[in-house]
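Trainee: Starting off with a structure, shown below.
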Amino acid sequence: MIYDIAIIGAGVTGAMTAYYLAKYDLHVAVLEKNSDVASGTTKANSAIVHAGFDAKPGTKKAALNVKGCAMMETLTETLGVHYKKCGSYVLGFSDGDKDRLEELKARGEQNGVPELSILSGEELRKKEPNLSPEVKWALSAPTAGIVCPYDLTLALAENAASNGVDFYFDFPVCAVRRAGETYVLEGNGREVEARYIVNAAGLASADMATLLGEENFPVTILPRRGEYMLLDRAEGAFVSATMFVLPDERGKGILISPTVDGNLIVGPNAQLVEDREDRATTDAGLAEITAGARRIAPGVNLRAVITSFAGVRSTPSTGDFYLEISEQCPHVIHAVGIESPGLASSPAVGEYIVSLLAKDGVVLREKETYVKERRPGGNRPLFRDLSEAEKQARIKEDPAYGKIVCRCETITEGDILDAIRRPVGARNLDMVKRRVRAGMGRCQGGFCSPRVAELLASELKVPLSTITKTGGGSYLLTEKTK
Ligand SMILES: Cc1cc2nc3c(=O)[nH]c(=O)nc-3n(C[C@H](O)[C@H](O)[C@H](O)COP(=O)(O)OP(=O)(O)OC[C@H]3O[C@@H](n4cnc5c(N)ncnc54)[C@H](O)[C@@H]3O)c2cc1C
């Protein structure tokens, strides 16, 4: 089949574009080099839906951030994705900082961010008693929020797949040739042919532009790593909103924030790395985060860390999102340098990419069969999030919901089977973890992994020895011992 559009990359940018395109009568394919959606930068970030005061007025970043933030609540409600409009504060530690907070407020107002105000440290500590007594001033942005980046991306992909979009995983686009009016994209011995290409390859997007045929592409990507610590759910209420410090030339600085799943996240630092796949955490990095977090709130309980991880930003040399129709390669749209606030901006970025496709000749005719919810039959919350009566009804309907597999996160066998059977279903442990949180709690999968692997093997009808942690060669079992 010749697709109308092939999207390269299944991060939040690619998945959002697929979600919007799925409303129309078009054949769309998403090609992803890894085995799941959200496995690049979208997997590991602060998960903040920024209000939009940080980006330089007049940039695409500023406009799309403010618009994306305003769109997020309705979008997540439609798709059944956890989102919380918890607000954010930028903290100032001196009267000099107050001037910088005022500048940030003025910049935000220019960008169109509503409801910004400056509070004194005492006022803020009445709401947030755990903050340092050294906090003198704060910029309040009540429209900011938090979201789960991979649940959002998964929901977009599930909806797109339910509406006919084809996902090709383990498809690293490594060669491109022009065949008349179409492009033939090659990956892992397979080929996909399409009339239009959306380049949403994240950290690889500038290289992808070259592969697609661009000469002297105007953007280069600087990979900048950010490390994090995630604290146990017992610490989730330590602050009720995202706490930033004043941004510097390296980024938005180290923050403390609740997550939608009730944990507390601390980080990130910002280090340029040579290898864009370098997601290592380091002693020095974690020490930097520890110092940054204690400056905000000296009592933060860093003994409650359950995991540490890192993400890599695709910082563009131009300082702005590069969202353009190619001048050199016919029918190619580039989404390059989608660094922070790329998650917050994603609803507006996806819409913008679709508008560029339309400008370049794609006809957008709405489908009659379009499913609005996450998947046909509606959104299906986790068993643990149901009321007592709903829980009883669900167990009656399917006894697998009566068996808890992940004790830390209260995830049932029914939830795990659903993660495997749904559109863009799970095929390895990490895919189950991202869909239903089994293995994401305090023990980090120590207890539930063997049972999850058994369920995967029996549902997918494959030997247990072929089940992996995260695709590729990450096998769990190497040989039989007894
Ligand atoms: C430390 C850190 C903190 C951040 N915090 C925030 C925040 O709080 N709020 C916010 O709004 N934003 C934040 N961001 C930014 C946000 O995460 C990104 O803007 C967003 O995830 C970018 O999504 P993307 O889809 O463009 O890229 P990605 O998620 O990287 O997706 C690109 C995809 O393309 C795939 N790919 C690459 N090459 C190929 C190929 N050859 N063939 C096929 N597929 C390919 C990759 O595997 C990947 O899945 C943060 C980023 C980092 C690193």
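Trainee: May I ask you to list the residues in the stretch 39-55 that are near the ligand (Cβ under 6 Å from one of its atoms) and aliphatic (A, V, I, L, M)?
Mentor: Of the residues in the stretch 39-55, the ones near the ligand (Cβ under 6 Å from one of its atoms) are 39-42, 45-48, 50.
Ala47, Ile48, listed by residue number.
Trainee: So Glu122 fits all but one of (1) more than 26 Å from Arg435 (Cα to Cα); (2) in a helix (DSSP H, G or I); (3) within 16 Å of the ligand (Cβ to nearest atom); what number is the exception?
Mentor: So the condition that Glu122 fails would be (3).
Trainee: Output the residues belonging to the stretch 1-17 that are in contact with a strand residue (DSSP E or B) (Cβ under 8 Å, 6 or more places away or on another chain), assigned to a helix (DSSP H, G or I) and within 6 Å of the ligand (Cβ to nearest atom).
Mentor: Scanning the stretch 1-17 gives Thr13, Gly14.
Trainee: Looking at Ala157, Ala141, Ala161, Ala200, which is the one that is touching a strand residue (DSSP E or B) at 6+ places or on another chain (Cβ under 7 Å) and over 25 Å from Phe321 (Cα atoms)?
Mentor: The unique qualifying residue is Ala161.
Yes/no per residue for (1) touching a His at 6+ places or on another chain (Cβ under 8 Å); (2) over 27 Å from Glu324 (Cβ atoms); (3) in the same structural domain as Lys372 (by TED's automatic domain parsing); (4) surrounded by 23 or more Cβ atoms within 10 Å (Cβ to Cβ):
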position: Cys174; (1), (2), (3), (4): no, no, yes, no
position: Arg177; (1), (2), (3), (4): no, no, yes, no
position: Asn188; (1), (2), (3), (4): no, yes, yes, no
position: Glu215; (1), (2), (3), (4): no, no, yes, no
position: Glu227; (1), (2), (3), (4): no, yes, no, yes
position: Leu230; (1), (2), (3), (4): no, yes, no, no
position: Gly251; (1), (2), (3), (4): no, no, no, no
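Trainee: Are any residues in the stretch 378-416 touching a helix residue (DSSP H, G or I) at 6+ places or on another chain (Cβ under 6 Å) and in contact (Cβ under 8 Å) with a residue 24 or more places away in the chain, and if so, which ones? Lay out the reasoning, then the answer.
Mentor: First, the residues of the stretch 378-416 that are touching a helix residue (DSSP H, G or I) at 6+ places or on another chain (Cβ under 6 Å): 382-383, 394-395, 398, 400-403, 405, 410-416.
Result: Leu382, Phe383, Val405, Thr410, Ile411, Thr412, Glu413, Gly414, Asp415, Ile416.
Trainee: Does Ile338 satisfy the criteria of being within 11 Å of the ligand (Cβ to nearest atom) and touching a residue at least 40 places away in the same chain (Cβ under 8 Å)?
Mentor: yes
Trainee: Here is a further query. Report yes if Ala29 is outside the structural domain of Leu264 (by TED's automatic domain parsing) and assigned to a strand (DSSP E or B), otherwise no.
Mentor: Judged against the criteria, Ala29 is a match.
Trainee: Which one of the conditions (1) among the β-branched types (Val, Ile, Thr); (2) in a loop (DSSP other than H, G, I, E, B); (3) within 15 Å of Val436 (Cβ to Cβ) does Val405 fail to meet, given that it meets all the rest?
Mentor: If we test Val405 against (1) among the β-branched types (Val, Ile, Thr); (2) in a loop (DSSP other than H, G, I, E, B); (3) within 15 Å of Val436 (Cβ to Cβ), just (2) comes out false.
Trainee: Let me ask another. Which residues, counting only those in the stretch 249-260, are out of contact with any Gly (no Cβ under 6 Å at 6 or more places or on another chain) and either small (Gly, Ala, Ser) or within 15 Å of the ligand (Cβ to nearest atom) (or both)?
Mentor: Scanning the stretch 249-260 gives Arg250, Gly251, Lys252, Gly253, Leu255, Ile256, Ser257, Thr259, Val260.
Trainee: Let me ask something additional. Would you confirm, using the coordinates I've provided, whether Asn159 is in contact (Cβ under 8 Å) with a residue 24 or more places away in the chain and not in a helix (DSSP H, G or I)?
Mentor: no
Trainee: With Thr242, Thr307, Thr318, Thr259 as the choices, which residue is of a type in the set (Ser, Thr, Tyr) and farther than 17 Å from Ser46 by Cβ?
Mentor: Result of the check over Thr242, Thr307, Thr318, Thr259: Thr318.
Trainee: Would you confirm, using the coordinates I've provided, whether Leu154 is assigned to a helix (DSSP H, G or I) and not acidic (Asp, Glu)?
Mentor: yes
Trainee: I would also like to ask the following. Within the stretch 18-38, can you find the residues that are near the ligand (Cβ under 9 Å from one of its atoms), surrounded by 24 or more Cβ atoms within 10 Å (Cβ to Cβ) and not hydrophobic (A, V, I, L, M, F, W, C)?
Mentor: Glu32, Asp36
Trainee: Sort out which residues of the stretch 162-193 are in contact with a Ser or Thr (Cβ under 9 Å, 6 or more places away or on another chain) and assigned to a strand (DSSP E or B), and write them in order of number. Steps first, answer last, please.
Mentor: We begin by selecting, within the stretch 162-193, every residue in contact with a Ser or Thr (Cβ under 9 Å, 6 or more places away or on another chain); these are 163-164, 169-170, 193.
Once the filter is applied, which keeps residues that are in contact with a Ser or Thr (Cβ under 9 Å, 6 or more places away or on another chain) and assigned to a strand (DSSP E or B), the stretch 162-193 yields only Glu193.
Trainee: Now a separate question. Looking at the structure I just gave you, is Gly425 part of a loop (DSSP other than H, G, I, E, B) and surrounded by fewer than 23 Cβ atoms within 10 Å (Cβ to Cβ)? Outline the logic, then answer.
Mentor: Working: part of a loop (DSSP other than H, G, I, E, B): yes; surrounded by fewer than 23 Cβ atoms within 10 Å (Cβ to Cβ): yes.
Yes, satisfied.
Trainee: On to the next question. Going by the conditions given, is Val135 within 16 Å of the ligand (Cβ to nearest atom) and touching a strand residue (DSSP E or B) at 6+ places or on another chain (Cβ under 8 Å)?
Mentor: Considered against the rule, which asks whether it is within 16 Å of the ligand (Cβ to nearest atom) and touching a strand residue (DSSP E or B) at 6+ places or on another chain (Cβ under 8 Å), Val135 comes out as no.
The values are calculated or read from the model by the stated rules, or taken from the named source; none is laboratory data. Quantities reported herein were computed from a predicted structural model and do not represent experimental measurements. Quick reminder, even Gly has a Cβ in these numbers, built from the backbone with ideal geometry, and neighbours come from all protein chains shown.
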